[in-house]
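Data block below; observations after.
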Amino acid sequence: MYLVSMNQCRHLLVLIFLLFSFASFGQTASSRKKVKLQEEQVKLQDQIDFIQTLLKETTAGQNASLGQLQTLTRKIEIRKQLIRSIENEVKLLDKEIEEMEIEIDTLEAEIDRSKKAYAEMIYKAYKSKSKHSRVMFILSSEDFNQAYKRLKYLQKYAEYRRKQANNIELQKTELTATITELEKQKQDKIQLGKNKERELASLQTDITEQENTVAELKGKEKEIKKDLKEKQKEAERVSKQIKKIIAEEIKRERARAAAEAKRKAEEEARRRAAANATASTEAAPAVTYALTPEAKLVSDNFTTNKGKLPWPIERAVVIGSFGKHTDDKTGLVTSNDGIDMVTAKGSKARAAFKGTVVQILLVPGKGKAIIVSHGDYFTVYQNLSEVYVKNGDAVEPKQDLGAILTNPITNQTVLHFELWKNLNPQNPVLWLYK
């Protein structure tokens, strides 16, 4: 009878182990997700703090500007992301708390069953002891073999009792640890609730500030519309100039590739002629390459690094996105060949990839611009107060190219960054490190 009970108990212990193993796996996955959310919240809060610093620089003694409004709008967007991240963590905690409460109920029920089974086993052992001692049980054996089996049985039975007692203690320990963790999760949830309330209050403050800025800018609507039109006209002029420079560079690169191909073909023809004097000395037709082998290697490497390129500023916030946009205030449609990033005063523009400086431009009202070739690809760094490179210089990733200009009127430090594939502008955000 006892042997059957021992087997049943073994099966039960295996089942419990499997149940808790699956629970532990789920908790591990949940913990990883929670850590990821917490890391995301730290990064978002850091961005908000950075934007707040930039806004203090921008608004110090200055009237409201469109750039200030764009920065403030970006801050609101990031704060909303932070609130959503907090809400996702609360949902995760709710699920963990529910699972822990189920686990606690299961453990309590299992401890209760284990205690009853153990009490019943002790009672039966006590009744058995009152009828005859363990020694008499062994001595009453018919032969030595039976006595040995009875001795082993009693030893296994005693060991089983100890294991049951230990198992109950382990279950109690597990229960205590789970209850402690549950209380911690509940406290974390309370803290997250406070964090959310604080961020919602800050969001409302940001929105109020945004509304006040919009109201202030309404009085300058005609001036802003005129300024936007002029900026768009200048942007189109610079875009044409950049496209012309890129086209000329592509033409030069193709000429270099063709010359290189011709040189190699002539070398091959001379080699064949030397190896066989009777062979035809006519050179093989030259093959025209779009790029020289060196430039093609750089271009291929650039392509494989899509989504991994370093940002052209060590730290910045995107306030102007790629593509066509309609201004909410003026209805004016503008086109952006790149992205605009606001950063701190004194920041430097840096190379997004290794390449060669093709041209340095002077852009009226926007300082200087640098165009860097990366084979089939080109990057443009605009709105620089000074440059640290010259035409023909080879540059490496993250190498400082120049100091970013701070607008004396708006007090904003903004880098305009573009990425082209031949004559086609690309969305830089898709190429830069996520």
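The numbers here are math on the coordinates, done by the rules we state, and not lab data. Note that the coordinates shown come from a computational prediction; the quantities given were computed from them, not determined experimentally. FYI the Cβ positions are ideal-geometry reconstructions off the backbone, even for glycines, and counts take in every protein chain you see.
Just a few scattered comments:
- Computed from the C-beta positions of Lys226 and Glu181 and an R0 of 60 Å, the FRET efficiency is 0.45 to the nearest 0.05.
- Within straight-line cross-link reach of Lys222, aspartates and glutamates at Cα separation under 16 Å, skipping those fewer than 8 residues along the same chain: Glu230, Asp327, Asp328
- Using the Cβ-Cβ distance between Arg272 and Leu362 with R0 set to 60 Å, the FRET efficiency works out to roughly 0.70.
- Taking a straight Cα-Cα cut-off under 16 Å and skipping sequence neighbours fewer than 8 places away in the same chain, the lysines within cross-link reach of Lys218 are Lys226, Lys329.
- Considering only Met100, Gln70, Phe50, the residue lying farthest towards the positive end of the dipole of the range 32-109 is Gln70, judged by Cα position with unit charges set on Cβ.
- Net charge of neighbours whose Cβ lies under 12 Å from the Cβ of Gln38, counting Lys and Arg as +1 and Asp and Glu as -1: +1
- For the range 330-431: rounded, prolate or oblate by the Cα gyration tensor [a/c cutoff 1.5]: oblate
- Potential extension, Glu234-Lys33 segment - 0.36 nm per residue separation minus Cα distance: 67.6 nm
- Each part reduced to its alpha carbon centroid, the range 164-200 and the range 219-233 end up 58 Å apart.
- Sorted by Cβ density within 10 Å, fewest first, the residues Phe417, Phe50, Phe302: Phe50, Phe302, Phe417
- Cross-link table Lys251/Lys308; Lys244/Lys366; Lys264/Lys354; Lys306/Lys434; Lys34/Lys75, entries beyond 22 Å C-alpha to C-alpha: Lys251/Lys308; Lys264/Lys354; Lys34/Lys75
- Under 16 Å from a label point set 7 Å out along the Cα-to-Cβ vector of Leu423, the amide N atoms of the range 240-265 belong to 240-255.
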